Each structure stands twice: as C-alpha cells, then as structure tokens.
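One structure is given below, encoded as structure tokens.
Taken together, the values in this text are just the output of simple stated rules run on the coordinates, not laboratory data. Keep in mind it's a predicted model, so treat the numbers as computed, not measured. Here the Cβ positions follow ideal geometry from the backbone for every residue, glycine too, while neighbour counts run over all protein chains shown.
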Amino acid sequence: MSAALRRYLSPLRACAVLVAALLAAGTGAAQSWPARSVRLVVPAAPGGGTDLIARTLAPRLSELLGQQAVVENRAGGSTNIGTEFVARAPADGHTLLMASTPHAINPSLFAKPGFDPQRDFTPVSLLATVQTVLVVHPALPVKSVKDLIALARSRPGQIAAGSSAGTSQFLAVELLKTMAGIDIVNVPYKGAGAALADLMGGHVQIQVNTLISALPQIRSGKLRALAVCGTTRSPLLPQVPAAAKTLQGFESAGWYGLLGPAGLPPEITGRLHTVFRTALTEPAMRERLAAQGVDVVAGTPEEFATFIGREIPKWAAVVKSAKIERE
C-alpha cells in the first residue's frame, strides 16, 4: 500500500473506529438499562387523567422493568415546569415524561414555554386516547347543552367553568363559548384534580373533563353529565348525547403519550416502547382502562412523532379562533 493511500485511509479508519465505539456504547447503555428506578414525570397535580394513567401502569411497569417505576408530579406553569424538567434531564431512559394534549397546545399559548415540543424530546409512544364529557354541578338548573346555553345567555358572566390551564379541556370551554355565543368565565387551574374538586364543591359550575376523571363522580350523582364531547355517544354513558347534536362541529378529546429527552438512544427507546406496549395491551389492563373511557393505542415512536406534528398546528388554529393571547 502506498504512503498516499495510507494517508487517505487513515482518517476513514479513525472515523469507522469512532462510529463502532459509539454504537457499542449505545448497545452497552441499553443492556444496562434500567440501572435504577425509572421516573414517570407527570407535569400536573395528582388526580387528573395523566396522573391516573401513570399510576395505573406503574405497578405492572415495575415488574416488566425489574426496577421501580416511580410517578413524580411536577405541576405548575400549565404543565410547562414538569415538561421542561424532563427536557433538561439526561437522555439515559431513567427520566421520562407522561405527556398529554397540553404538550401540543402550549407552544401556541406561551411565547417562552421553556422547551420545544418536538426538538427537545424523543417520542416513544402514543399510549392512549380518552373521551371527554361536559359536566355540571347538580345544583345548576340545566339538563342539556341547550339548557346550558339558554341559562348562560340569561346570566352573562355569572357561570364559571373550572379547567386545567393549557389543556384541550380548557380550550373546549373556549370553543363552547365561541360556538354558542355565550359569556362564561373560564377559570384556569394548575391541575384537573383541583378543578374537579372545586366543581364538586360548587365553587365553579361547569367543566369539560376526561371520562377517566369524571366518570366516578357522574355515577355517584355528584356531577351531572350534559354531553360527551366526541361525535357519537360513549358506551359508558349511553344515555348521554353528543354535544355535536346541539352544536354541530363541536368536538374535543384527549391523549396520553410517553416522551424521553432528546437524544434518547434508539435501543432504549425501542425497549421502552416494548415494555409500555406489553403493559397496555394485556387484556386485564386494556379492560381496566376501557372501563374508564380510555382507548389503548400503544403506537410506535415514528407514529407518535407524526401525531405530534399534526397536533401542534391543529391546536394553534383553535387558539387563534378563540382569540387567546400568548402569555
């Protein structure tokens, strides 16, 4: 081999060695993962749908992982605080984000949320979707969406909705106000659990919430369901009509997904997806979630990335139509 050829090949060999070393390091990291407990960061207060999903899954995930799956609530900033925390965490698979609809909404609500919803995260899986429902305190003298609209028009600014700030449920109330032409005060809360507690206490009168959170209160008579917010009735509330029957085009739903920090090794991403898919698709888990209005998806990382890319402009359009100014 000539000296000139050796000089040409030397950098290529060095590059090949570096690539091999990096691949080996990634494989080694995946083989040793998880080395300790895995944190599932819920960027909202306890009691909401994301928290309930995480806590429902955690015991089974702990068994599958061989390490504890620990649910950690980091509420505040309309989920921005907990979300930014995960964005800045090491990309080693030990700190993960239980994301939901606000992840795609907040870029339209906040000028500086503290993270980029796509660039700063590694999609792992769209875990599930959930139906939402329009509920009222039993003391409110309404039994249908039509009744609510009539009452709100007769009492402008006197009826209050309690919503977790920055969620699709918060925007659903804004959409209701716009489509029905009514003046309702939409009170933002740090979490869905706190908003639900105030609704049951009579401090606010209406709410759009997920079935997973509201269904037990509906069944116990502590809340009255006026309508489900999908296009068809829910099998869990067959007697409750769809809001779209009164307000054509009105629709709101929620979703839950798993994200890691940007740069999560593909091997760990793949193993995480497999573990969560296994837990979610077991018949007992699927049935347990279905009984709460949750539909299992367990999609691939690629599918979740595409889904988030569609969600961001969709909610941007809703924020714009509701004329909500960025904070």
Degrees separating the helix 301-321 axis from the principal Cα axis of the chain, which is the longest one:
40
Taking the Cα of Arg288, stepping 7 Å toward and past its beta carbon, and measuring to each backbone N in segment 104-127: which are under 18 Å?
127
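For the chain, what does the helix formula give at 222 nm: sum of -39500 (n - 2.57) over DSSP H segments with n ≥ 4, over the residue count, nearest 500 deg cm²/dmol?
-14500 deg cm²/dmol
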Over the chain, relative contact order from alpha-carbon pairs under 8 Å, at least 6 apart, %
25
Two-site label geometry, Ala317 and Met179: point separation in nm, points 7 Å out along Cα→Cβ
1.4
Whole-number percent relative contact order across segment 202-327, with pairs defined as alpha carbons under 8 Å at least 6 apart:
18
Suppose R0 equals 22 Å; then what is the FRET efficiency for Arg326 and Ala150 from their Cβ-Cβ distance, rounded to the nearest 0.05?
0.10
Rounded if a/c is under 1.5, else prolate if a/b beats b/c, else oblate: with a ≥ b ≥ c from the C-alpha gyration tensor eigenvalues square-rooted, which is segment 131-245?
rounded
With a cut-off of 8 Å between alpha carbons and a minimum separation of six or more residues, what is the relative contact order of segment 48-205 in percent?
23
Quick one: which of 236-246, 46-56, 170-180, 306-316 comes out on top by average Cβ neighbours within 10 Å, and what's the full order, highest first?
46-56, 170-180, 236-246, 306-316
If one compares the long axis through the Cα atoms of helix 3-32 with the longest principal axis of the Cα atoms of the chain, the angle in degrees, nearest 10, works out at 40
Global form of segment 74-150, assessed from the alpha-carbon gyration tensor, a/c cut-off 1.5
prolate
Net charge dipole size for segment 154-294 [Lys, Arg +1 and Asp, Glu -1 on Cβ; Debye, nearest 20]:
300
In segment 131-245, how many lysine pairs have Cα atoms under 19 Å apart, counting only pairs 8 or more places apart or on different chains?
6
C-alpha long axis of helix 266-281 to longest principal axis of the chain, angle in °
40
